[in-house]
Structure formats: structure tokens, C-alpha cells
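These notes concern the structure reproduced below.
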Amino acid sequence: AAYYFTVCRVDALAVGALIAILARSEGGLAALRKPALWIVPITLLFWAALLPSTGGKYWEFSVHFIYTPVGLFCGGVVCLALTSPPTSLMSRALCAAPLRFFGKYSYGLYVFHFLLYPAFKMGYAALPLPGALHRGALGLTGLGLLSTAGSVAVAWGSFNLYEKQFLKLMSRFGY
């Protein structure tokens, strides 16, 4: 419940909402740049300090305390990214083709990857590979590559066959 229920993960949503509200206030996004310059390194250090308490395992209870600093860190990075000059290193890095590609299909990746993972796991186990490719780090890497490629393919299909149709309707609604 602490991992999946929205009420338990509302901190990241609240950070995004707060940024949206403050961005529309006096000073706009530019006013958020200075606090973000402090929030990003502080939350990164806080996250790094908490990480050993999880033992590197996602099923430990203490891992749930890490998500708040991660949400604050990501919110700070968004503020810095939106207020950086187009020629800055951050702006150029965030405009890189791979990030734009994954950003375009990110919703489909988010929705489908978890649903498809069991099928990828069974499919990978059925492949006629040497035993070493089914175990350990090499096996996890192979499964990761297969599930990533499959999830990207499904997300691409979903975007081009389904989501694009709804995006065409955006011009009919004023925001």
C-alpha cells in the first residue's frame, strides 16, 4: 500500500502542483530558479544519505522515505530546466534526441511496462539460450533489454494508433 496507493505517494504530485501554482504567481518560473539551486543538491545529498538504509532493496520499508526527496529533486530539476538559457549544458542535454524520443512515448511506457513484464519474463525464460543467459546479472540484463525493447514497441504503437487521435482534439479545448 505504501508503494502503490496515491494517498501514500501524493508528495510528488503536490510538488508538481506547487510548482505549477508558483510558476503562475508574481515572478513566475524565474522566481523558482534560486530555491531550485538549493533544493537540487540538498535533496540529492539527503537521498544519497538514505539509500544505504534500504540495503539496495526496493521492498524494504525505509525505501518509501526516499521518494519525497526524489520528488523534490525532480521538481527542482524541472524548475532549473525550464529557466535555463537554450544554450546551457542542461538545456542542450535535455533536448537530446534520446530524451525527446522517450519523452514522446513515456506515457505508454509508464502504462504498459508493468503489465507486459510477466509476459516478457515468460518469453525470455522460453528462449533457447545457454543457461548462463538465464541466470545472474547476464540474465537480468537480457530480460531488461527484451522488456525495454518490447515496452518501447508497444508504447510506440499505442502512441501512433491511439493517443495521436486524442491529441488531434486538443485544439478544440481551451485551457
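The values are calculated or read from the model by the stated rules, or taken from the named source; none is laboratory data. All values reported here derive from a predicted model rather than from experimental measurement. Positions of Cβ are generated from backbone atoms using ideal geometry, with glycine treated the same way; all protein chains shown enter the neighbour counts. When the accessible area is computed, the model is the full protein with side chains, heavy atoms only, and any ligands, DNA or RNA have been set aside. Shrake-Rupley method; radii C 1.70, N 1.55, O 1.52, S 1.80 Å.
Taking 0.36 nm per residue of sequence separation and subtracting the Cα-Cα distance, how much length would be gained by fully extending the chain between L50 and A126, in nm to one decimal?
On the way: separation 76, 0.36 × 76 = 27.36 nm, distance 3.86 nm.
Full extension from L50 to A126 adds 23.5 nm.
Can you give me the Cα centroid spacing of the stretch 106-175 and the stretch 3-25 in angstrom?
When both Cα centres are located, 27 Å separates them.
Shape verdict for the chain, please, from the Cα gyration tensor: rounded (a/c under 1.5), prolate (a/b greater than b/c) or oblate.
Working: a/c = 1.95, a/b = 1.34, b/c = 1.46.
Judged from the Cα gyration tensor, the chain comes out oblate (a/c at least 1.5, b/c at or above a/b).
Show me the ranking of peptides 86-98, 134-146, 161-173 by mean Cβ neighbours inside 10 Å, starting with the highest.
My ranking of the peptides, most packed first, is 134-146, 86-98, 161-173.
Can you show me the helix-derived [θ] at 222 nm for the chain, built from DSSP H runs with n ≥ 4 at -39,500 (n - 2.57) apiece and divided by the number of residues, rounded to the nearest 500. Intermediate results must be reported in sequence, preceding the final value.
Details: 8 runs with 114 residues, N = 175.
Result for the chain, helices only: -21000 deg cm²/dmol.
Figure the gain on full extension for Y162 and L22 (residue separation times 0.36 nm, minus the Cα-Cα span) and round it to one decimal in nm.
Extra length from Y162 to L22 when fully extended: 47.0 nm.
Per residue, how large is the accessible surface of the chain? Use a 1.4 angstrom probe and give square angstrom.
On the way: 12550 Å² over 175 residues.
Accessible area per residue, the chain: 72 Å².
At a 1.4 Å probe radius, carbon and sulfur cover how many percent of the accessible area of the chain? Present the calculation step by step, with values, prior to reporting the outcome.
Working: 9350 of 12550 Å².
Solvent-exposed carbon and sulfur of the chain make up 74 percent of the total.
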